[in-house]
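The values are calculated or read from the model by the stated rules, or taken from the named source; none is laboratory data. Just so we're clear, the structure is a prediction, and the values are computed from it rather than from any experiment. Heads up, the Cβs are rebuilt from the backbone with ideal geometry, glycines too, and the neighbour counts pull from every protein chain shown.
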Amino acid sequence: MSVALATEGLVKRFGDRTVLDGIDIELREHEVLALIGGSGSGKSTLLRCLNLLETPDDGRILLDGVEIGGPGTDLDAVRRRVGIVFQQYNLFPNLTVLRNITLAPVHALGLSRAEADERAHALLERFGLHDRADDYPASLSGGQQQRVAIMRALAMEPEILLLDEITAALDPVLVAEVLDTMRELAQAGVTMIVATHEMGFARDVAHRVAFLKDGRIVEVGDPRQLFTSPTHPDTREFLRRVTDAGRL
Amino acid sequence: MDDLKGHRRSLIVSSLFAERTGTRGAIVGTIATIAVLVLVGWLITRSSGWQVVQDQFLNWDVFSDSFPGIAGAFLTNVIIFLSAEAIVLVFGLLLALMRSLRAPIFFPLRAFSVIYCDVFRGIPAILLIYLLGFGAPALQVTGIPRSPLFWGIVALSLTWSAYVAEVYRAGMDAVPPTQEAAARALGLNRRQAMRLVVLPQAVRHVIPPLLNDFIGLQKDTALIAVLGVVEALRQAQLDSAATFNFTPYVAAAVMFLLITIPLTRFTDWMISRDRRRRLGVAR
């Protein structure tokens with residue numbers, strides 16, 4: 001399988017704080033890569049760099065083999081190909097669920113209203129929110145809003161989907177429905193990078209797991225191997241703490 | 001002490017409750033209002049100068065004679081405020097957008113917007129009306145209109161655009177930056193994000209304060225009387241001079257209220273509807 005997205009020596013600094021300190025990753029088509037690690041380890045910043053919401057200070061990002069992010073890059077074109085979903089769903093409160101999903105396809109991809117509507121209805125049907133198409137986001141539960149945010153990103157038919165701790169702001173009862181959606185995407189072969197605190201999800205669904213600490217990838221590997229016999233002491237320490245907290 | 005507090009709280013609670021419970025609350029409210037009105041009315045009509053005031057300010061004959069003329073003159077006020085409001089809506093938005101530009105190359109536009117708002121919010125509207133209304137035609141430049149009505153509209157538009165620009169700006173600031181980020185992350189460019197995501201939400205936030213400013217603008221149309229434009233106030237002055245009676249001013253005041261009170265009510269209704277929608281109560 002070909003490499004969909006890769007980074008080489010990616011560095012990002014905020015002031016004199018180095019948030020990403022030489023990140024090398026390789027994501028193959030249809031692969032699900034989980035990023036785990038404590039708060040402030042750089043997971044979110046990495047994702048935000050990958051669709052150029054942040055500008056890296058050094059290193060290269062290769063999308064389908066072509067470097068992106070240099071001067072003169074069409075940021076909007078990259079973002080149409082690399083979708084991102086945030087922790088705080090950030091739905092547009094003044095638009096209905098349907099219009100939230102169709103806004104970017106109509107205005108960024110140039111689809112007709114009818115085509116975009118068709119795409120949106122297909123997604124709403126698939127993820128079981130068809131009856132809420134004409135509701136405003138405020139009347140939806142957190143889990144439903146987050147699923148709409150996922151559909152909004154999917155409606156652009158991105159090559160790669162970045163999920164930035166999308167269950168972290170949800171009630172525990174609502175986490176499950178969003179995890180189910182993520183599982184379905186993985187089964188459908190969507191290429192994804194998932195920053196998550198849900199270790200169970202990382203272990204069961206991801207093809208590979210990368211553990212980040214202080215802006216570096218400490219260890220990356222097969223989830224069964226990484227969760228059962230981590231090689232690096234930092235990974236062991238992190239997993240021990242997660243286990244103690246009852247999150248694994 | 002605790003008892004007292006508890007008692008006070010229960011009073012507050014019960015009064016709030018009465019406001020919500022239908023008939024009993026309504027009866028109490030009506031009786032209280034009538035009692036106050038009767039008392040105030042009694043005090044005023046008992047005062048020694050009442051006869052004179054009634055004759056000078058509330059003279060029915062003068063009122064019914066002057067009201068049609070004043071209502072006709074009020075059409076001029078309507079023309080003034082509708083024109084000024086149309087200009088203010090667009091120009092105020094332009095000023096706010098100029099101020100929101102971030103790139104260094106746009107510094108001159110940003111500076112213009114800041115200075116403009118400082119200057120035109122700082123000059124009393126009536127002064128600007130004098131300066132433009134008498135000054136601009138005096139230039140005698142061909143092509144520049146000399147009608148005081150025109151310059152009155154310009155002066156009001158300049159003044160109120162500065163206020164409305166600030167209202168727009170506050171509205172845009174009230175839209176969380178994450179909204180723009182979400183739009184940009186979907187591949188919309190900055191202009192699209194502004195036009196499709198930020199502005200529609202900003203406008204929704206600003207409609208109540210905007211209508212509030214329009215109420216102010218509509219009252220300010222009376223200031224154009226100083227240029228000799230025969231609008232409601234000027235007509236009232238003429239009638240008053242002709243009849244030696246102040247009742248025409250009351251008639252003009254009534255005319256303004258007929259326009260501003262519905263607008264005020266409408267604004268309040270918009271605010272509460274908007275709040276319901278944001279909280280997700282209404283469909």
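Summary of computed values
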item: Subset of region A:37-57 [without any contact (Cβ under 8 Å) to a residue 40 or more places away in the chain, more than 15 Å from residue A:18 (Cβ to Cβ) and more than 14 Å from every other protein chain (Cβ to nearest Cβ)]; result: A:39
item: Residues of region A:127-149 satisfying the condition of being in contact (Cβ under 8 Å) with a residue 40 or more places away in the chain and over 29 Å from residue B:275 (Cβ atoms); result: A:127
item: Residues being without any contact (Cβ under 8 Å) to a residue 60 or more places away in the chain, surrounded by 16 or more Cβ atoms within 10 Å (Cβ to Cβ) and closer than 14 Å to residue B:229 by Cα - total across region B:133-153; result: 1
item: Of all residues making up region A:86-101, the number that are more than 20 Å from the chain's Cα centre (by Cα) and part of a helix (DSSP H, G or I); result: 3
item: The one condition in (1) within 30 Å of residue B:109 (Cα to Cα); (2) in a loop (DSSP other than H, G, I, E, B) that residue B:48 fails to fulfil; result: (1)
item: Listing of helices (runs of 4 or more DSSP H) fully contained in region B:177-277 that carry 3 or more residues being buried (at least 21 other Cβ atoms within 10 Å of the Cβ) and either away from chain A (no Cβ under 12 Å) or in contact (Cβ under 8 Å) with a residue 12 or more places away in the chain (or both); result: B:199-220, B:232-243
item: Of the criteria (1) facing chain B (nearest Cβ under 9 Å); (2) modelled with pLDDT of 95 or more; (3) under 21 Å from residue A:185 (Cα atoms), which one residue A:100 fails; result: (1)
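Residue-by-condition table, conditions (1) more than 26 Å from residue A:24 (Cα to Cα); (2) hydrophobic (A, V, I, L, M, F, W, C); (3) in contact with a Pro (Cβ under 7 Å, 6 or more places away or on another chain); (4) part of a loop (DSSP other than H, G, I, E, B):
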{"site": "A:143", "(1), (2), (3), (4)": "yes, no, no, no"}
{"site": "A:168", "(1), (2), (3), (4)": "no, yes, no, yes"}
{"site": "A:178", "(1), (2), (3), (4)": "yes, yes, no, no"}
{"site": "A:186", "(1), (2), (3), (4)": "no, yes, no, no"}
{"site": "A:203", "(1), (2), (3), (4)": "no, no, yes, no"}
{"site": "A:209", "(1), (2), (3), (4)": "no, yes, yes, no"}
{"site": "A:219", "(1), (2), (3), (4)": "no, no, yes, no"}
{"site": "A:227", "(1), (2), (3), (4)": "no, yes, no, no"}
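Here is a yes/no grid of residues against (1) modelled with pLDDT of 90 or more; (2) crowded, with 17+ Cβ neighbours inside 10 Å; (3) within 25 Å of residue A:119 (Cβ to Cβ):
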position: A:133; (1), (2), (3): yes, yes, yes
position: A:137; (1), (2), (3): yes, yes, yes
position: A:141; (1), (2), (3): yes, no, yes
position: A:146; (1), (2), (3): yes, yes, yes
position: A:160; (1), (2), (3): yes, yes, yes
position: A:166; (1), (2), (3): yes, yes, yes
position: A:172; (1), (2), (3): no, no, no
position: A:192; (1), (2), (3): yes, yes, yes
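Let's see how each residue does on (1) crowded, with 21+ Cβ neighbours inside 10 Å; (2) facing another protein chain (nearest Cβ under 10 Å):
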residue	(1), (2)
A:5	yes, no
A:15	no, no
A:24	no, no
A:59	no, no
A:81	no, yes
A:84	yes, yes
A:93	no, yes
A:107	no, yes
